[in-house]
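Please read the structure below before turning to the comments.
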Amino acid sequence: MQVTNVNLPITVVGRNVSVTDAMREYAGKKVAGLHLDYPKIIEARVLLSVESDRHISEIILFCANGIVIEAETTTPDMYASIDETMSKIARRMRKHKTRMLKSHRPDKKRRSLRLVSEMVFPAELPVEADAAVEPHIIHKEKYRIKNLYSDEAIMDMEMNEKPFIVFHDAKTDQLAILYRREDGDYGMLTPTAE
C-alpha cells in the first residue's frame with residue numbers, strides 16, 4: 001500500500017530569506033510524507049519568510065475537486081514553523097475527510113438544513129476619513145467562484161480560515177457572500193439589483 005505521495009510537485013519559495021538546500025529538502029520531505037488520504041494532493045507550495053525574529057511558514061495544498069487547504073505558523077525557528085504548519089495541515093485534512101465521510105454515509109438519513117431566520121440591520125454610515133489620505137489597493141488576487149451549497153461554503157471557510165467566501169449558491173442559483181460574524185455565527189449576503 002502506498003502511503004506517501006510520488007512525484008508531487010512541491011514549490012518552496014522564500015520571502016526576505018534565502019532558502020537553503022537543507023530547508024528546501026526538509027520542507028519537501030514533510031509535505032511529501034503526508035499520507036495518501038482524502039483529498040488527493042495535486043500540487044503543494046511552501047512559502048517561508050522571516051520578519052525580524054519571526055520565522056513564518058505557510059503551506060498551501062491544491063487538491064482534487066478544487067479543494068485548497070492552507071495553514072500558516074509563526075515561531076522563532078523556521079524548522080519549528082514548518083513542523084507546526086504540517087500538523088495544522090494534517091488536522092485539516094483529517095477534518096475534511098471526516099466531514100465528507102459523515103455526509104456520504106448510505107445508511108444515514110438525509111437531514112434537512114437548519115433554517116435560521118434572517119434579520120436586516122440598518123447600515124451605519126462610516127466616519128469620514130482624512131481627505132489627505134487616499135486609500136489604495138495593496139493586494140490583488142484572482143478568485144475562482146465555486147458552485148456550492150451553503151453548508152459546503154461553511155466547510156470550505158473553516159478549512160481555509162478565511163473571513164469570507166464568495167460563491168454561486170447552488171440552491172438559489174444566485175451569487176452569495178458568506179462571512180464569519182464576531183459572535184462566531186455566519187452571515188450570508190445575496191446581492192440584488194434595485
Residue exposure sequence - Val19, Val31, Val13 - by fewest surrounding Cβ within 10 Å: Val13, Val19, Val31
Arg99, Arg54 arranged by Cβ crowding within 10 Å, fewest neighbours leading: Arg54, Arg99
Backbone N within the stretch 64-87 under 13 Å of label point (7 Å from Asp53 Cα along the Cβ vector): 75-77
Solution diffusion estimate, µm²/s, Stokes-Einstein, the stretch 146-189, Kirkwood Rh from C-alpha pairs, 25 °C, viscosity 0.890 mPa s: 239 µm²/s
Dimensionless Rg over Rh [the stretch 10-103; C-alpha; Kirkwood]: 1.00
Per-pair calculated FRET efficiency, R0 = 25 Å: Val19 and His139 via Cβ, rounded to 0.05: 0.65
Of Lys30/Lys146; Lys97/Lys162; Lys97/Lys140, those spanning more than 27 Å from alpha-carbon to alpha-carbon: Lys30/Lys146; Lys97/Lys140
Under Karplus coefficients 6.51, -1.76 and 1.60, residue-wise ³J(HN,Hα) of the stretch 46-62 in Hz, glycine/proline x: 10, 10, 10, 8, 10, 10, 6, 9, 9, 9, 10, 10, 10, 10, 10, 10, 9
Spin-label pair Lys40/Lys95, simplified geometry with 7 Å Cα→Cβ offset, distance in nm: 2.5 nm
In Hz, Karplus ³J(HN,Hα) per residue of the stretch 147-152 (6.51, -1.76, 1.60; θ = phi - 60°; x = Gly, Pro): 8, 9, 8, 4, 5, 5
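Since every read-out is calculated from the coordinates, none of them should be taken as a lab result. Everything numeric in this text was worked out from a predicted model, so none of it was measured. Counting neighbours? That spans all protein chains shown, and the Cβs are built from the backbone with ideal geometry, glycine included.
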